[in-house]
1. Does the range 153-190 hold any residues that are modelled with pLDDT of 85 or more and in a loop (DSSP other than H, G, I, E, B), and which are they?
2. Mind listing just one residue for me: the one in the range 631-654 that is on the phi > 0 side of the Ramachandran plot and assigned to a loop (DSSP other than H, G, I, E, B) and, of those, surrounded by the most Cβ atoms within 10 Å (Cβ to Cβ)?
3. Tell me the residue from 278, 214 that is in contact (Cβ under 8 Å) with a residue 60 or more places away in the chain, open to solvent by less than 40 Å² (accessible area, probe 1.4 Å) and not β-branched (Val, Ile, Thr), please.
4. Give the range 167-180 a look and list any residue that's open to solvent by 60 Å² or more (accessible area, probe 1.4 Å) and over 30 Å from the mean Cα position of the chain (by Cα), or say none.
5. Can you find a residue in the range 567-585 that is in a helix (DSSP H, G or I) and without any contact (Cβ under 8 Å) to a residue 24 or more places away in the chain?
6. Which of the residues belonging to the range 319-367 are among the β-branched types (Val, Ile, Thr) and open to solvent by less than 70 Å² (accessible area, probe 1.4 Å)?
7. Being out of contact with any Leu (no Cβ under 7 Å at 6 or more places or on another chain) and in contact (Cβ under 8 Å) with a residue 24 or more places away in the chain is the filter; apply it to the range 239-254 and report the residue that is surrounded by the most Cβ atoms within 10 Å (Cβ to Cβ).
8. Go through the residues of the range 33-50 one by one and say whether even a single one is modelled with pLDDT of 80 or more and in a strand (DSSP E or B).
Amino acid sequence: MKKIFRITFLTLLCVVVLFIASLFVFSKYYGDKVTQLVLTELNKQLNVKVDVKSIEFSVFKHFPYASIILNDVVIHASKTYNESEFANNDNILLKSKTLALQFNILDIIKKKYVINKISLNESDIKLLKDKSGAVNYEVLKTDTISTPSNVTVDIRKIQARDCKYQYVDHSNTFMCKGFMKKCNLGGKFKSKDFTLETEIDGTNQSLIINSFKYHQPLNMNIVASFHVYGFTYEINKCDLSINDVETNIFGKIKKDKSYFINLKVGIPYITITEITHYIPIKYKNEIKKWSPYAELTLNIQIKANISPNQMPPLSARFVVENGSMVYKSGKSKLSGNVKIIATQIDKPSTYNCTIDSLIIRYKDSELKGTCTIVDFEKLNLKYSGFIDARLDNFQSFLPADTVDMSGNISGKLTVETVLSQIGDFDKNIFDRLKLNSELTANDVSFTYKPNKYSTVSNINGKIKQANDNLKIDTCSLQYFGTRIELTGELGNIWKFAKDNKEKLSGRLKIKTNCLDYNKIPSASTSDTTAVILPLVYNVDVDIESECIKFKNYILNDFEAQLSYKENAIMIKNASCSMFGGRVHGEVYLAQSNNRQFELKSTLDAQSIHIDQVFQTMNNFDQTKLTDKNIKGLFSGNTSLILNFDKSFKPITKSLILECSATIT
């Protein structure tokens, strides 16, 4: 047994030794001849200069292929393009540590020198296209007369390792550069109908399209199979991974006078953070402000005829699940069906996005509707749908010195804005928003913080708002214990909210049981506290109130048409019960620059109790004739002018009274 094993081992050893020896003999006998023949033939066909440090022939390095190995090879760029368009251009197409041309050993023995395979190691490739479309890689002569030759090129495989690449296209404003750790291309390239097998593992380090920079780096892995026939590339399989995002691509690319592209791209799972790798950095930074997150299932279709200078359109659909975005530490949940259409895939301004079945939830609040974004450069947004919101959920979004709010609003809402300009929810937010709504308020309360006594609470009712106008269909509210029913219209509301110099305008109808101004605390308990008529109202109001109380004045069954213009109040068609009788007429109240008031009135009084007048007016600041020693009824027409100080105390010396009356 040992003898048989020894004989077998020695036999195999002899075979191996003889085989290796034959390879040495083969290399010695054919090496120089094959090298000289192949290089001579290639030089006849090349249109560019090639520098090589050394050349060797080997049957070992790429066994079972024999190979001509060019060491430290430099292939210069062709002279077919405008070199001056490219800065720091060294006019070199390819640098490579080694470039190997590989042959089948049996073909060499048959004196058929067929280049089947090309291998590159540690290479640097630079592909350039100028504005006219001319390129720097026209390496083969076009006018070479075809002559019989034993050297032919029938590439079946191209292999590259550790290869840097750069592609600059000035005709399409495109640039990319990166590094390929591995690139394998296999197929019968000489045939008009073959299958191309592709395997690429690398990193794209820079990408610029139409002056827009994209995320870097992008780690890419591609395994693909193409059916190539004529000028048609049919994608049987393309598994693409970019930064660990798995993508499947199917479809067809065909070149005729123009390119026809019909591709379907599927991404079974991707997050918003990952998808921003595919958009320009400029817009990625805008989106980043909102800290979005979502899990997407994405389907894209690209179908069009395009020219070499015209990128194709794009149509994409995807479902958003488990989505969220953050604004000022407030996290909202998102879901919806998204469709994106672009007329030109490389131009963000041509992108339009529609989100159907959009649901945004923030704390206890919810938006449901449809959202569109037009022009991805400007990000013009429009939302149309329904809102159900608790106002205190959004308190943190408002500037600290504006409004406290609570309660619930629900109804239809339309919002238009430019997202790239949205910024913060500051006083200028209303310049950047167009709002239209039909809302129902439930127990809503507002407190204007600069005046802590301006709380309006228990607002219930229906309102319609269109941009700067507000229509109040039916609304009730509580103002310092008084229930008020309100209808009418207001204008200039957003400008008024932004700037207290802007005037709030409109017409309202107010009904109340008892409006007691004495329950409204002043900013100070001092009797000298100034009463100031705001300069920001331009409002007409129809008032009906069972009772109005102000200072010592009590008006019952009050009806009037009130016109509030800047720092003056005009009361027309006024009618009320006061001082035990009934009064009809008009009143004009204005405030001067020194904060004093002037009251003018024309009244028709019936059965006024004189003692109550004296009591209310504090006996007109005299003691000779008081409410204690005067009685009677006053009826007649009066014209009155009376000034008040800044705390609205009457200045009795200013009283001018004209009357035609009957006293009983």
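The values are calculated or read from the model by the stated rules, or taken from the named source; none is laboratory data. Because the structure is predicted, anything quoted here is derived from the model rather than measured. All Cβ positions, even for glycine, are placed from backbone atoms using ideal geometry, and neighbour counts span all protein chains on display. Keep in mind that these areas ignore ligands, DNA and RNA; they rest on the heavy atoms of the full protein, side chains included. Shrake-Rupley method; radii C 1.70, N 1.55, O 1.52, S 1.80 Å.
1. Within the range 153-190, 170, 187, 188 meet the criteria.
2. To start, the set of residues in the range 631-654 that are on the phi > 0 side of the Ramachandran plot comprises 632, 636, 648.
Narrowing further to those that are assigned to a loop (DSSP other than H, G, I, E, B): 632, 648.
On the way: 632: 10, 648: 17.
Going through the qualifying residues, I end up with 648.
3. 214
4. The answer is 179, and nothing else.
5. Applying the first criterion (in a helix (DSSP H, G or I)) to the range 567-585 yields none.
No - not one qualifying residue is present in the range 567-585.
6. Those that are among the β-branched types (Val, Ile, Thr) and open to solvent by less than 70 Å² (accessible area, probe 1.4 Å): 319, 320, 326, 338, 340, 345, 350, 354, 355, 359, 360.
7. Applying the filter and picking the extreme gives 245.
8. Checked the range 33-50: at least one residue is modelled with pLDDT of 80 or more and in a strand (DSSP E or B).
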